[in-house]
Amino acid sequence: MLDYQCPAKKESGNMKLRQQLFSDTEQFRLNLLIQETVLMKRISTTKRAAIKFATIALGWALLVVMTPAQAQQGSRSNSLLLENARLIIGDGSVIEAGSILIEDANIVAVGNRDEMNLPDNVTRLDLAGKSIIPALIDAHAHLGYEAYTSWGEQNYSRENLIDHLQRYAYYGFSAVFSAGSDPGELAFSLQRELRDDQLQVARFLFAAGMAPPGQGPNDQFLKNALALEQRTGMTILYGVGNEQQAIDAVSEIADRGIPLIKIWVDDRAGTQQKLAPALYRVIIAEATRRNIPVFVHQQYAADMPDLIRSGVDGFLHGRIGNDLDQAIAQQLVQAKAFVVPNLGLAELRREAIGEDSFLQASVPISVAKRLSAGSGQRQLKIVRSTDSETELKASFASLIEAEVDILLGTDAGAVPDHFFGYSGHRELEIFVRLGMTPMQALLAATSRPAQRLGLVDLGQLKPGYSADLVVLDSNPLDDIRNTRRISRVYLRGKEIDRESMSRKFSN
Ligand SMILES: [Zn+2]
């Protein structure tokens, strides 16, 4: 595969801002135009909220690619050539001994170096023997509450959010979706800040949470989310007790410009009121009318068919097992609804993860010790019952075979000690253990979540995309555990300083 375009002649003069920002190559403008067209197709121009969604998504595509300082430099750009690496593109294809040309924050050429028109000032980095993947995306997490030595709403702050986004960057993630547990205004202001700032962290996405009044997340989480609402005076959870409230809440969410909705359909083993079908149908219909995707937390596979029929966009917990049968798999495919299997959440809490050097690099020694063997229920090698493993494998295989859109999501941060970034690599490992090929697992962690979350410039190594990528010492297609062998991480064209991050995290 060769995907290279010649740099176009530099333009000058009084052009529109966007043209100034993207004068690097003609191809680059074309790509943005395509992205914009795709986005505009998804929105209804008469709907305010929908336009805001496009603005937000495009804002990422447009603003992150060039900082004001870089824009002032005009045509001068920083060029970097990563050469001779195995390129795992993110669309299922691979280029052996390929090269990636990066200008400023973006990929401008991918393929055979000899066919590239390299700028004079290009910096070259020989990566022979290494593999490059698009930076990963976690499609289900909860940021802000975890502090590694404690968990709770008292930890939620701008600084803690940035710390979590840095941890994602450290582990090679370009973006994370925090699913319905963030105070809206605070989340928005952080997004704005990150867009303008030089901070090298993963992108932060969030959703409005919806459930019956005073209900939603697990009981411990709910208590904390409600306390956080109290402390900040901001809404996290939109309570819905009747159809009119459902319509009003979606309308308010749309007016605020929140681009995603998360609903909870779960009675938490009888301790909470479950969102009734009559209400979630209204929520989904109203959100769909306004082009706001709705993602659902559901406890049982039995709830999935009606949710799919109602038009939900995806499921944040796969509920993989016998109950998730062929019929549901087919229904998922036909409705184009995605599934986040979310298997590590249950599994990793039984494992002595504190003895894993990959985790040790990002936590204080005291935390690693607390999560080691002999501490609580944690075991070095967890014993899985053959029956449940067989059931998981069979269910997972049927999803893969039906080509259900499976996304990586971890639920990191929802409970204490389920850590950001680290858990994503472990989830990939579980995907492959249960029957995915490493390539399928990587797709589930790159282009697929990018598409579902409106991240139009992430998840693939292609011209026009943001240069967010991970250089690995070994080939993840041979062994998915090689995603842990991170050599370098680039976000928006700049290498992040993993060593100093690791020092900071482990102190
Ligand atoms: Zn969750």
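Counting only alpha carbon atoms, the long axis of helix 158-170 and the longest principal axis of the chain meet at about 60°.
Between E401 and D306, what FRET efficiency follows from the Cβ-Cβ distance if R0 is 22 Å, with the result rounded to 0.05? Once rounded, the FRET efficiency stands at 0.40. Please compute the net charge surrounding L434, taking Lys and Arg as +1 and Asp and Glu as -1 over other residues with Cβ under 12 Å from its Cβ. With Lys, Arg at +1 and Asp, Glu at -1, the neighbours total -2. Adding -39500 (n - 2.57) for every DSSP H run of four residues or longer, then dividing by how many residues the chain holds, sets the calculated 222 nm ellipticity at -11000 deg cm²/dmol. Quick check: net charge around L407, other residues with Cβ under 12 Å of its Cβ, Lys/Arg +1 and Asp/Glu -1? Result for the local shell: -2.
For S372, the residues whose modelled amide H falls within less than 5 Å of its own, excluding neighbours fewer than 5 places apart on the same chain, are G354. Couplings 3J(HN,Hα) of the range 286-303, computed from phi: 5, 5, 4, 4, 9, 6, 10, x, 10, 10, 10, 8, 10, 7, 10, 4, 4, 7 Hz, in residue order, whole Hz [Karplus 6.51 cos²θ - 1.76 cosθ + 1.60, θ = phi - 60°; x for Gly and Pro].
A straight line joining the Cα centroids of the range 463-480 and the range 207-241 runs 37 Å. Residues of the range 140-182 falling in the label zone of S366, defined by backbone nitrogen less than 11 Å from a point 7 Å along Cα to beta-carbon, are 149-150. If you add up the charges near E229, with Lys and Arg at +1 and Asp and Glu at -1, over every other residue whose beta carbon is less than 14 angstrom from its beta carbon, what do you get? Its environment carries a net charge of -1. Using alpha carbons only, how many degrees (0 to 90, rounded to 10) separate the axis of helix 386-401 from the longest principal axis of the chain? On a 0 to 90 degree scale, this one is about 50.
Label sites at V415 and R384, each approximated as a point 7 angstrom past Cα along Cα to Cβ, lie 1.7 nm apart.
The calculated FRET efficiency for N507 paired with A346, based on their beta-carbon distance and R0 = 35 Å, is about 0.70. Compute the angle between helix 422-433 and the longest alpha-carbon principal axis of the chain, please, reported from 0 to 90 degrees and rounded to the nearest 10. Helix 422-433 sits at roughly 80 degrees to that axis.
Among the listed pairs K393/K462; K130/K336; K262/K336; K462/K494; K369/K504, those with a Cα-Cα distance over 28 Å are K393/K462; K130/K336.
At full extension, S157 and Q198 could sit 12.8 nm farther apart than now, given 0.36 nm per residue minus the alpha carbon distance.
Spin-label pair S487-D248: with each label point 7 Å from Cα along the Cα-Cβ axis, the two points sit 5.9 nm from one another. Taking the average, over residues, of other Cβ atoms within 10 Å as the packing measure, peptides 353-363, 333-343 rank 333-343, 353-363 from highest down.
FYI, it's all coordinate maths here, none of it is from the lab. Keep in mind it's a predicted model, so treat the numbers as computed, not measured. So basically every Cβ, Gly included, is an ideal-geometry build from the backbone, and we count neighbours across all protein chains shown.
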